[in-house]
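Written below as structure tokens is the structure these notes are about.
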Amino acid sequence: MEIVRNESKDRFNILHAKYLKRCLDLLPPSLATLDVSRLTIAFFAISGLDLLDCLHLIEAQKQDIIEWIYSLQILVTKTEGEERGRHGFRGSGANGVDNPYDCGNLAMTYCALSSLLILGDDLKRVDKKAIINGLREHQLSDGSFVPVIYEKENDMRFVYCATTVSYILNDWSAIDRQKTISFIRNSLVGIDTSVVVMSELIVGLLCEQSYECGFGQSPGLESHGGSTYCALAALTLMDELSALSDRQLASMKRWCLLRQTNGFQGRPNKDADTCYSFWLGGALKLIDGFQLMNTESNTSFILETQDMITGGLAKYPDSIPDPMHTYLGLSALALNPNKNSLLSVNPALNISERAVQHLNQLHSQWRDN
């Protein structure tokens, strides 16, 4: 299904742009639990408005939003030893500041940097050195990352966030790339080869003959659409997609394509869900398999989830829209911009190609300086 241009294009864009703009101004009580990660909601709204080519709707607020994002940056206020690993951006001021839990969060740092790029900021006020030095403290011995230094949760989501932060800041010095690649490969195999004693031959065979052919959140976990996207995007940003063999990529492409019903499911035997239209559509885009999916069926599913009165996209048809599924639904449509009225999305960074062009200009300026 193609979103017809001109008049209906304007209706589609304006309808969902108004919903996202409201998300920046006011959220319903049902989203109160997301207060600690308010920066994520802002990213969904800002990046969604960008893909809809409707950033002009927040032009009057743009500088205030930029200042608010910078207010969430953890700046150096103590000795290096006390502050090590705490730098980055917090999700909101809900937990207060200057307390043991006031730390930068990898996911929030990704959202902050991406939002600033979309809004045209030059990132001059970002404490790049402190963020990169702090990133080093987030990586564990198995190559994975924790979101904040006082948590033990580690999985593929934060590997992705760590690589996006390094890519945006154009500094890979804090990441042990080989350990990161090893963690990603182990999450495809389904067995942590760093803790199971095996010969190199057996490890090699396992890497070629994994059961499901998608990535799990961590070694030993089932294949999942979100973690498969995060793994492939992280390898792409590191320019290490060649760490996977042609056979692995072909099997993974097949696994991703088999997740399509009308939209995409995140795991076998699950219902289709709007967000996976991007996670798996983006994954297929990264491994040259996007042209093999049924884009018409996927688009129809996404459009069935939209609320034609309030705007916004939902997880399922006939459900209540929310900021995350609205954004990821738009991102999924933006993977195929020739068929709709959206700007093209970069499948690895999950921001518009227009924002990536701005980032490339900043990288060029940093190199010249």
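The values are calculated or read from the model by the stated rules, or taken from the named source; none is laboratory data. This is a predicted model, so every value here is computed, not measured. Here Cβ is always computed from backbone atoms with ideal geometry, including for glycine, and neighbour counts include all displayed protein chains. Accessible surface is based on the protein model in full, side chains and every heavy atom, while ligands, DNA and RNA are left aside. Shrake-Rupley method; radii C 1.70, N 1.55, O 1.52, S 1.80 Å.
If MET293, MET308 are ordered by their accessible area, calculated over protein heavy atoms with a 1.4 Å probe, which sequence runs from highest to lowest?
Details: MET293 15, MET308 125 Å².
From most accessible down to least: MET308, MET293.
Over the range 292-335, calculate the relative contact order: mean separation of alpha carbon pairs under 8 Å at least 6 apart, over the residue count, as a percent.
Details: 45 pairs, mean separation 11.4, N = 44.
That works out to 26 percent.
If I take R0 = 25 Å and measure r between the Cβ atoms of ARG247 and ASP176 in this structure, what FRET efficiency does the formula 1/(1 + (r/R0)^6) give, to the nearest 0.05?
Numbers: r = 27 Å, r/R0 = 1.07.
It comes to 0.40.
Scanning the chain for helices, which whole DSSP H stretches are 24 Å or more long along the axis (Cα) and average -1.0 or more by Kyte-Doolittle? Write out the running numbers ahead of the final one.
Numbers: long enough: 7-25 (27 Å, -0.89).
Answer set is 7-25.
Taking all protein chains together and rolling a 1.4 Å probe, ASP102 ends up with roughly 20 Å² accessible. The solvent-accessible area of CYS275, taken with every protein chain present and a 1.4 Å probe, is close to 10 Å².
With the cut-off at 1.5 for a/c, could you classify the chain from its C-alpha gyration tensor as rounded, prolate or oblate? Before the final figure, lay out the partial values.
Values: a/c = 1.68, a/b = 1.06, b/c = 1.59.
Judged from the Cα gyration tensor, the chain comes out oblate (a/c at least 1.5, b/c at or above a/b).
Charges at C-beta only: +1 for Lys and Arg, -1 for Asp and Glu. How large is the resulting dipole of the chain about its Cα centre, in Debye rounded to 20?
Dipole size: approximately 260 debye.
Here's the picture: charge each Lys and Arg Cβ at +1 and each Asp and Glu Cβ at -1 in the range 102-147, and of ASN133, SER144, ASN105 the one pushed furthest to the positive end of that dipole is ASN133. Rounded to the nearest percent, how much of the accessible area of the chain (1.4 Å probe, protein heavy atoms only) is carbon and sulfur? Accessible surface attributable to carbon and sulfur in the chain totals 51 percent.
Taking 8 Å as the Cα distance limit and 6 or more residues as the minimum spacing, I'd like the relative contact order of the range 281-369 as a percentage. Walk me through the intermediate numbers first.
Numbers: 88 pairs, mean separation 16.4, N = 89.
With pairs under 8 Å counted, the relative contact order is 18 percent.
Under a Cβ-Cβ cut-off of 14 Å, what is the net charge of the residues other than LEU72 that fall near it, where Lys and Arg count +1 and Asp and Glu count -1? Charge balance in the 14 Å sphere: -3. Computed from backbone phi with θ = phi - 60° and the Karplus coefficients 6.51, -1.76 and 1.60, the 3J(HN,Hα) list for the range 146-151 is 9, x, 9, 6, 9, 9 Hz; x is used for glycine and proline. For the chain, what's the relative contact order in percent, using C-alpha pairs closer than 8 Å and at least 6 residues apart? Here the relative contact order equals 17 percent.
Measure up LYS18/LYS285; LYS62/LYS315; LYS285/LYS339 against 23 Å on the Cα-Cα distance and list the ones that go over.
On the way: LYS18/LYS285 29 Å; LYS62/LYS315 29 Å; LYS285/LYS339 16 Å.
Among LYS18/LYS285; LYS62/LYS315; LYS285/LYS339, the Cα-Cα distance tops 23 Å for LYS18/LYS285; LYS62/LYS315.
I need the calculated FRET efficiency for the pair ARG367 and LYS124, taking r as the beta carbon distance and R₀ as 22 Å, to the nearest 0.05. Before the final figure, lay out the partial values.
Working: r = 15 Å, r/R0 = 0.70.
The formula returns an efficiency of 0.90 here.
Residues whose amide H falls under 5 Å from that of GLN306, counting only those 5 or more places apart or on a different chain, are ALA314, with hydrogens built in the peptide plane.
Suppose only helical runs count, i.e. DSSP H with n ≥ 4. What mean residue ellipticity at 222 nm does that imply for the chain under -39500 (n - 2.57) per run, divided by all residues and rounded to the nearest 500 deg cm²/dmol?
Details: 15 runs with 181 residues, N = 369.
Mean residue ellipticity at 222 nm (helix-derived): -15000 deg cm²/dmol.
The charge dipole of the range 211-358, taken about its Cα centre with unit charges on the Cβ atoms of Lys, Arg (+1), Asp and Glu (-1) only, comes to about 200 debye.
Put LYS253, LYS152 in order of accessible area, highest first, and with a 1.4 Å probe you get LYS152, LYS253. MET324 contributes about 70 Å² of solvent-accessible surface, heavy atoms of the protein only, 1.4 Å probe. The residues of the chain present an accessible area of 44 Å² per residue when probed at 1.4 Å with all protein chains retained.
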